[in-house]
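This report concerns only the one structure given below.
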């Protein structure tokens, strides 16, 4: 059989990794597929810069339409990222009857439903393993070997930049700003790190992952998102004192009342939980299926080689179907039949019930603790434990830290709003959510 031909849109760092992998492991791929996979066209606005990998200049083009209009190309790889023109290019590829492989979590989080519907109408596949977790094969596992399970929850550390920053703040007591600068120098963080540190990148990934786990269409904009910019060294120290570690956690849960909890925010995780030990720029995703139980995937969530591995894995999956004589999609993008996709309601954040660590900066006066505890009690919030430390900053304010039993977030916010109005509260109070049960 002749080689299967693919076209690549976006010849950046990841695209160069794909070219290198297809070249270096061509024999391995042929032995596993039964034929070779050849990049017959590469489109990018810049076709002159050195990518560190040699390609035939004849296959380079600045026109993506050269790929869509080539009848010999079976698969289109989209690696330009962002929303547009990526959305337009993917839809053009599908309209031309070509299968699509993408690593674009942002595109799928916002326009996945439209893209999947277009693919269903044309009978082509959309594969996107690299969109979540880089080289970690979690999506293919959910659609494949774990497909018989009904998933109850998914928790994930999905952003290497944030995890690197929090790890160094925890291990070294380093300042957020200093670690962020170091992360940028090392290439872990972009020059503009907003999408990472504000949680948007993680939310894109959670939207894709939760849709796949729960067979539902999720509105990306409805997912509660909070980044790590508000986390300070004092939060980390108190968390460890209580037996927890702070991570930026993506959370998806199926609730007993038929709703979904989908949220991204800094979370205190018990030190004995494996997710608490995920350090540096690594990612980890923990799933719980009704039959398989808890399963955790761990590895590098970004980088040229791990991401290229996932992309070429998708190419191989599609190519095997083509070799087998099908040429049309073998499975729907979300693993469920299109007719089985539902729209489950999302639980409002005000109704989320969990434990909380509350931190106050208050004047060191008699009656302060009683006033704070009284206001919490009025809102139905019970206290599990409390710590008040001595002044260590030369000022009058002292930190007061309270661990609550489970409480509604709406009640917590209402109580803090009223407590912050007390004359002895020196700055806006803070809270961090706690997840004790990650099953």
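Counting only residues that are in a strand (DSSP E or B) and within 21 Å of residue 300 (Cα to Cα), region 268-287 holds 7 of them. Have a look at 354, 343 and point out the one that is under 30 Å from residue 221 (Cα atoms) and buried (at least 18 other Cβ atoms within 10 Å of the Cβ). Among 354, 343, only 354 is under 30 Å from residue 221 (Cα atoms) and buried (at least 18 other Cβ atoms within 10 Å of the Cβ). Helices (runs of 4 or more DSSP H) fully within region 94-190 that include at least 1 residues being out of contact with any strand residue (DSSP E or B) (no Cβ under 6 Å at 6 or more places or on another chain) and farther than 27 Å from residue 211 by Cα: 160-172, 176-186. Selection over region 402-430 of residues that are under 19 Å from residue 271 (Cα atoms) and in contact with a helix residue (DSSP H, G or I) (Cβ under 7 Å, 6 or more places away or on another chain) gives a count of 0. Across region 396-439, the number of residues qualifying as part of a loop (DSSP other than H, G, I, E, B), within 28 Å of the chain's Cα centre (by Cα) and surrounded by fewer than 17 Cβ atoms within 10 Å (Cβ to Cβ) comes to 4.
Restricted to region 58-81, and to residues that are touching a helix residue (DSSP H, G or I) at 6+ places or on another chain (Cβ under 6 Å) and either in a loop (DSSP other than H, G, I, E, B) or not assigned by TED's automatic domain parsing to the domain that holds residue 38 (or both), which residue is farthest from residue 129 (Cα to Cα)? Checked region 58-81; the qualifying residue farthest from residue 129 (Cα to Cα) is 64.
Report whether or not residue 306 is part of a helix (DSSP H, G or I), surrounded by 14 or more Cβ atoms within 10 Å (Cβ to Cβ) and either outside the structural domain of residue 33 (by TED's automatic domain parsing) or on the phi < 0 side of the Ramachandran plot (or both). Criteria met by residue 306. Of all the numbered requirements in (1) in the same structural domain as residue 219 (by TED's automatic domain parsing); (2) in contact (Cβ under 8 Å) with a residue 40 or more places away in the chain; (3) over 20 Å from residue 213 (Cα atoms); (4) surrounded by fewer than 22 Cβ atoms within 10 Å (Cβ to Cβ), residue 294 misses one, and that requirement is (3).
Scanning region 221-233 for residues that are surrounded by 15 or more Cβ atoms within 10 Å (Cβ to Cβ) and touching a residue at least 60 places away in the same chain (Cβ under 8 Å) yields 223, 224, 227, 228, 231. The residues on offer are 312, 278, and the sole one that is under 18 Å from the mean Cα position of the chain (by Cα) and surrounded by 15 or more Cβ atoms within 10 Å (Cβ to Cβ) is 278.
Looking at 436, 364, which is the one that is in contact with a strand residue (DSSP E or B) (Cβ under 8 Å, 6 or more places away or on another chain) and over 26 Å from residue 227 (Cα atoms)? Walk me through it before giving the result.
Numbers: 436 fails: over 26 Å from residue 227 (Cα atoms).
Just one listed residue meets the conditions, 364.
Apart from one condition, residue 387 fits all of (1) surrounded by fewer than 15 Cβ atoms within 10 Å (Cβ to Cβ); (2) assigned to a strand (DSSP E or B); (3) without any contact (Cβ under 8 Å) to a residue 60 or more places away in the chain; the exception is (3).
The values are calculated or read from the model by the stated rules, or taken from the named source; none is laboratory data. Predicted, not measured: the structure shown is a model, and the values here were computed from it. We place every Cβ from the backbone using ideal geometry, glycine too, and count neighbours over all the protein chains shown.
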